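So the structure is just underneath, and the comments pick up after that.
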Amino acid sequence: MAKHWIFRLPFIVALITAMTLVVGVACGSSDDPEDTGSSSGSAIATVAPTAAPAAVPSGKLTIALTDLGNETPSVWQEFAFGKSYMRFLFDALTGTNDAGDVDKTTGAAKDWSMSADAKTWTFNLRDDIEFHNGDGLTAEDAKFSIELMTSEDSVASYKTKVTASITDPSQIVVVSPYELQINAVKASGFLNWDLSDIQGVEGLIQPKAYTESVGIENFASDPVGSGPYKWVDQRKGDFMELEALSEHWRVGVPRWETILFRIIPEESTRIAALKAGEVDVISVSRERAPQLKNDGMNIFSKEGASVLGLYFHEQWRDNSVWKDIRVREAFNLAINRDELCEFVFAGECTPAAVYPWPDIAPGVVAGLEPYGYDPDRAKELLAEAGYDGTEIAIRSYPRADVPEGPRFIEAVGAALEAVGVNVTIIPTEYASYRQERLAHTLDNGSGYLAAPNRPLAGFQGVMRVLNHSEGAFTSTNDPEIDRLIEAWEAAILPDDVVKGSEDLYQYLYDNFNSLTCCNMNISYATNDKISSWDLGKRVWDDGFTNLYK
């Protein structure tokens, strides 16, 4: 597989003595006034504690979701939305915990250190981790996995965050079998976060020797990891089956012998399967959750855990209607966010200010109000901008965290049409839309995501990916946005790091760079096999691995 190492602009510098402060802000501690504790338990159902796991794994747990990412279990062929199953199979170089902190007890690295200039990182690995084929996990495997993840062909969602610091594989040095050193091209105060499992799959480790023996392209058909579950079988678009180890260094004895993921895009079918006992856990829309609770199911939710928004893709191009700020403002004023929350999401959300920051996120500007609903002004702005009826093609698809997605898009499309926008809705699959985003072929096209809350380090990464002109998924090509991102990445003191986030947040708010909608609760329904569930604070993974503890 071809490797291509790309030079990137500077990323965050953090003083060793200041990192704890920054991370504390980023992770959202229990001191946050919005944090009621329901983000890691049941927001609707009150349930008894889960029984202690058996001495050996037993039974089967079936989880039904709308999708499983790319369904390709390899560190370079899977993107962030596949982390829900990838963390079953693989360990990360830097471990994290459910509170959203990096954690030296949960990853392959038992310790790490950063040089005073934040350019040299040293990771000391455990010497007792084995892959499922019996090979020991070493620094060679970690180096190999980082090289795969940052390769040209890699689809890892946040790889450009890492390639901003690591531009050549020679910077990754195996000092000894269990010591890895990374010599970044610039100060990289959050590199340990970048090589963790907190945000995407960028920190996960697959075995070098086994991968080379079966071929890099063939690995995903029979993957081997070091996680608490090993691969059994899959039929893409249908199911994925995993089998527990008898014991795992990180989690002890897994509770379930078999974990079966099923892909069921239609919510009504998922609900029917749950009630029939065919599945045990489903993603559920906010409006259906109360009725399922009345039907005897358990409901678990993260409150305000993500923000829903639509992208104005390729808005820098001359043929883009969104190149004119008046059109971007008009789109935002055309949306009645209170009605969306009430009628589409059953009140389980609140209007939001700036995508992709939920209002409870670190680094937001306090006091900024969500855009108001003013369809008359929206019409005036479209007329002033000379909008000529250009077709706006909005992609529509369900997602595990937004099963109401197609109805949401119908409501948004109707609101835009009401102010004179020519809207076409294109039903598709998220994976297809993602490919269009990567190829930048979405001129005057849009799609949505619910971006989850994350540590401040994670927001830096996602803004480089989504809005820097060199970002893989950028919707903007604005020199001022680039300048703000780079200034934020170059900040040293914790106050400056927070201010960098606030400055960018304010600019995006003032320039209407996305169609920001709502702060969302994320909900799941289960049968009585699951009586407690910590959904955690990792990004793109709602604590599915806690279901086997």
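Would it be correct to say that residue 189 is open to solvent by less than 10 Å² (accessible area, probe 1.4 Å), over 16 Å from residue 121 (Cα atoms), in a loop (DSSP other than H, G, I, E, B) and small (Gly, Ala, Ser)? The answer is no for residue 189. Within the stretch 431-453, the residues that satisfy the criterion of being more than 24 Å from residue 316 (Cβ to Cβ) and either open to solvent by 10 Å² or more (accessible area, probe 1.4 Å) or over 22 Å from the mean Cα position of the chain (by Cα) (or both) are 431, 452, 453. Out of the residues in the stretch 248-296 that are over 26 Å from the mean Cα position of the chain (by Cα) and among the acidic types (Asp, Glu), which is surrounded by the fewest Cβ atoms within 10 Å (Cβ to Cβ)? For the stretch 248-296, the residue satisfying everything is 295. At least 3 residues being closer than 18 Å to residue 320 by Cβ is the threshold, and among the helices (runs of 4 or more DSSP H) wholly inside the stretch 410-506 those reaching it are 430-439, 479-489.
Each residue in the stretch 359-379 was checked for being in contact with a helix residue (DSSP H, G or I) (Cβ under 8 Å, 6 or more places away or on another chain) and not in a loop (DSSP other than H, G, I, E, B), and 4 of them qualify.
Quick check, is residue 523 of a type in the set (Ser, Thr, Tyr), touching a Pro at 6+ places or on another chain (Cβ under 7 Å), more than 22 Å from residue 323 (Cβ to Cβ) and in contact (Cβ under 8 Å) with a residue 40 or more places away in the chain?
no
Has the stretch 526-549 got any residue that is assigned to a helix (DSSP H, G or I), closer than 24 Å to residue 291 by Cα and modelled with pLDDT of 90 or more? Yes: the stretch 526-549 contains one or more residues that are assigned to a helix (DSSP H, G or I), closer than 24 Å to residue 291 by Cα and modelled with pLDDT of 90 or more.
Keeping to the stretch 281-335, report how many residues are of a type in the set (A, V, I, L, M, F, W, C), farther than 12 Å from residue 523 by Cβ and in a loop (DSSP other than H, G, I, E, B).
Looking only at that region, the number is 4.
Inside the stretch 495-510, residues that are in contact (Cβ under 8 Å) with a residue 12 or more places away in the chain and open to solvent by 30 Å² or more (accessible area, probe 1.4 Å) make up a count of 6. Filtering the stretch 123-139 to residues that are within 28 Å of residue 540 (Cβ to Cβ) and either exposed (fewer than 15 other Cβ atoms within 10 Å of the Cβ) or in contact with a Ser or Thr (Cβ under 6 Å, 6 or more places away or on another chain) (or both) leaves 129, 130, 131, 133, 137. Annotation: of all residues in the stretch 155-173 being open to solvent by 10 Å² or more (accessible area, probe 1.4 Å) and small (Gly, Ala, Ser), the one that is nearest to residue 489 (Cα to Cα) is 157.
Note on the stretch 342-358: residues that are within 23 Å of the chain's Cα centre (by Cα), surrounded by fewer than 21 Cβ atoms within 10 Å (Cβ to Cβ) and not in a strand (DSSP E or B) total 1.
Of the candidates 541, 528, the single residue that is open to solvent by less than 50 Å² (accessible area, probe 1.4 Å), within 30 Å of residue 87 (Cα to Cα) and in contact (Cβ under 8 Å) with a residue 40 or more places away in the chain is 541.
Residues that are of a type outside the set (Gly, Ala, Ser), open to solvent by less than 50 Å² (accessible area, probe 1.4 Å) and within 23 Å of residue 531 (Cα to Cα) within the stretch 230-244 comprise just one, 242. Scanning the stretch 490-512 for residues that are farther than 19 Å from residue 309 by Cβ and either aromatic (Phe, Trp, Tyr) or in contact with a helix residue (DSSP H, G or I) (Cβ under 6 Å, 6 or more places away or on another chain) (or both) gives 491, 494, 497, 500, 503. For the stretch 418-430, the set of residues classified as within 18 Å of residue 306 (Cβ to Cβ) and either out of contact with any strand residue (DSSP E or B) (no Cβ under 7 Å at 6 or more places or on another chain) or open to solvent by 40 Å² or more (accessible area, probe 1.4 Å) (or both) is empty. If you filter the stretch 75-91 down to residues that are more than 16 Å from the chain's Cα centre (by Cα) and not in a loop (DSSP other than H, G, I, E, B), you find that the one that is surrounded by the most Cβ atoms within 10 Å (Cβ to Cβ) is 88. When residue 314 is tested against (1) under 21 Å from residue 503 (Cα atoms); (2) in contact with a His (Cβ under 7 Å, 6 or more places away or on another chain), just one condition goes unmet, and that condition is (1).
State all residues of the stretch 421-443 that are touching a helix residue (DSSP H, G or I) at 6+ places or on another chain (Cβ under 6 Å) and within 23 Å of residue 384 (Cβ to Cβ); if no residue qualifies, say none. Spell out the reasoning first.
Initial filter on the stretch 421-443 (touching a helix residue (DSSP H, G or I) at 6+ places or on another chain (Cβ under 6 Å)): 423, 425, 442.
Once the filter is applied, which keeps residues that are touching a helix residue (DSSP H, G or I) at 6+ places or on another chain (Cβ under 6 Å) and within 23 Å of residue 384 (Cβ to Cβ), the stretch 421-443 yields only 423.
When we screen 213, 221, 226 for residues that are open to solvent by less than 20 Å² (accessible area, probe 1.4 Å) and of a type in the set (S, T, N, Q), the only hit is 226. Residues that are over 18 Å from residue 543 (Cα atoms), modelled with pLDDT of 95 or more, in contact with a His (Cβ under 9 Å, 6 or more places away or on another chain) and not in a strand (DSSP E or B) occur in the stretch 234-254; there is at least one. Considering every residue within the stretch 194-202, establish whether at least one is farther than 25 Å from residue 101 by Cβ and either surrounded by 24 or more Cβ atoms within 10 Å (Cβ to Cβ) or touching a residue at least 12 places away in the same chain (Cβ under 8 Å) (or both). Looking through the stretch 194-202, none of the residues is farther than 25 Å from residue 101 by Cβ and either surrounded by 24 or more Cβ atoms within 10 Å (Cβ to Cβ) or touching a residue at least 12 places away in the same chain (Cβ under 8 Å) (or both). Tell me, please, whether a residue that is part of a strand (DSSP E or B) and more than 19 Å from the chain's Cα centre (by Cα) can be found in the stretch 136-155. Yes, because at least one residue in the stretch 136-155 is part of a strand (DSSP E or B) and more than 19 Å from the chain's Cα centre (by Cα). Yes or no: residue 111 out of contact with any helix residue (DSSP H, G or I) (no Cβ under 6 Å at 6 or more places or on another chain), open to solvent by 20 Å² or more (accessible area, probe 1.4 Å) and in a loop (DSSP other than H, G, I, E, B)? For residue 111, the condition - out of contact with any helix residue (DSSP H, G or I) (no Cβ under 6 Å at 6 or more places or on another chain), open to solvent by 20 Å² or more (accessible area, probe 1.4 Å) and in a loop (DSSP other than H, G, I, E, B) - is not met.
The values are calculated or read from the model by the stated rules, or taken from the named source; none is laboratory data. Note that the structure is a prediction, hence the values are computed from the model and not measured. Methodologically, a virtual Cβ is constructed for each residue, glycine included, from the backbone with ideal geometry; neighbour enumeration extends over all protein chains shown. Calculation scope for accessible area: heavy atoms of the full protein, side chains included, ligands and nucleic acids excluded. Shrake-Rupley method; radii C 1.70, N 1.55, O 1.52, S 1.80 Å.
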